[in-house]
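The values are calculated or read from the model by the stated rules, or taken from the named source; none is laboratory data. Just so we're clear, the structure is a prediction, and the values are computed from it rather than from any experiment. Cβ placement follows ideal geometry from the backbone for every residue including glycine, while neighbour counts extend to all protein chains displayed. All accessible areas refer to the heavy atoms of the entire protein, side chains included, with ligands and DNA or RNA removed. Shrake-Rupley method; radii C 1.70, N 1.55, O 1.52, S 1.80 Å.
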Amino acid sequence: MKKAIANRKQALEVKGPNKGALDLSRHVPFQVAVVSNLLSLDRDPVIRSLTELNTRELRVLLNVGSYAPVTAAEVSYQSRLDPYSVTRAVNTLLKLELVRATELTGKSKPVILTEAGEKIYREVSAHVRKREAMLTAHMSEDEKAQLSTLLIKLELTAEEILANEVTEMEEQGQAVTRDHKEMLRWYKRSRLSR
């Protein structure tokens, strides 16, 4: 592992006339994005053999399987996916009969997995658990706990930064999208809940 780490750092080393360039090997958002790219569900050949759902639909299905009954708005907040995409994914899962709506609560329709959805959920979640164990095999229990805490801190800090930027843009009279406004709502919910 030490040699692989050294090789990776060398591959990303800023050289030559670009000495003042952004050092991506030390840029945390870049590092997180690279890991996210590698772990993307649609790149996993085992998952691709289990289902033809796209990444967003599969992430929503996993969220529903873990937290049902759950609304699209709750899935959006929990997964930090934009609400429009989550609603589209839920509608696709409804059409494929992988989820079904439960009772109407206000404007929202909580969904749960159907038997067919449960089958995919069990198969995919078993695989991602196995993949997580392999991914963290080189870490101690303390390192795993520390990584989890650090990732939560990164998530909440990113949320705060984006919420502050949205607020500043609104105060300056600049246009913000629905997605931007959703980030502001997420920030308030994270800080005001419980």
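Specify whether the C-alpha gyration tensor of the range 1-81 places it in the rounded, prolate or oblate class, a ≥ b ≥ c being the square roots of the eigenvalues: rounded for a/c under 1.5, otherwise prolate if a/b is larger than b/c and oblate if not. Prolate, because a/c is 1.5 or more and a/b exceeds b/c. Per-residue ellipticity at 222 nm from helix content only, as computed over the chain with -39500 (n - 2.57) for each DSSP H run of at least four residues, stands at -21500 deg cm²/dmol. Within the straight-line cut-off of under 13 Å between alpha carbons, the aspartates and glutamates reachable from LYS188 are GLU159, GLU160, sequence neighbours fewer than 8 places apart in one chain being disregarded. Across all Cα pairs in the range 48-162, the calculated P(r) in 5 Å bins from zero up to the longest distance comes to 2, 11, 18, 19, 17, 14, 12, 5, 1, 0 percent per bin. The label-point distance for LEU150 and ARG191, in a model that sets each label 7 Å from Cα toward Cβ, rounds to 2.6 nm. A value for semi-axes √(5λ) of the Cα gyration tensor in Å was derived from the coordinates, and within the list (1) 34, 15, 15; (2) 32, 26, 15; (3) 34, 21, 13 it appears as (2). Listed by chain and number, the lysines whose alpha-carbon sits under 24 Å from that of LYS181, ignoring those within fewer than 8 places in the same chain, are LYS107, LYS109, LYS153. Electrostatic tally near LYS9: other residues with Cβ closer than 15 Å to its Cβ, Lys and Arg +1, Asp and Glu -1, net +3. Expressed as a whole percent, the accessible area of the range 137-185 that falls on carbon and sulfur atoms is 55 (1.4 Å probe).
The peptide list 47-57, 3-13, put in order of mean Cβ contacts within 10 Å with the highest first, becomes 47-57, 3-13. Only one residue of GLY65, TYR187, GLN10 has its Cα farthest out toward the positive end of the dipole of the chain, where Lys and Arg carry +1 and Asp and Glu -1 on Cβ, and that residue is GLN10. Solvent-accessible area of LEU135, all protein chains in place: 90 Å² (probe radius 1.4 Å, heavy atoms, ligands and nucleic acids excluded).
Counting Lys +1, Arg +1, Asp -1, Glu -1, what net charge surrounds LEU147 among other residues with beta carbon under 15 Å of its beta carbon? Once all neighbours under 15 Å are counted, the net charge is -3. TYR84 sits among other residues whose Cβ lies under 11 Å from its own Cβ, and their net charge, with Lys and Arg +1 and Asp and Glu -1, is 0. Listed by chain and number, the lysines placed with their C-alpha closer than 23 angstrom to that of LYS2 are LYS15, LYS144; residues fewer than eight positions away on the same chain are left out.
Accessible surface area normalised per residue over the range 89-157 is 71 Å², counting heavy atoms of protein chains with a 1.4 Å rolling probe.
The order of ASP44, ASP142, ASP23 by accessible area, most exposed first and with a 1.4 Å probe, is ASP142, ASP23, ASP44.
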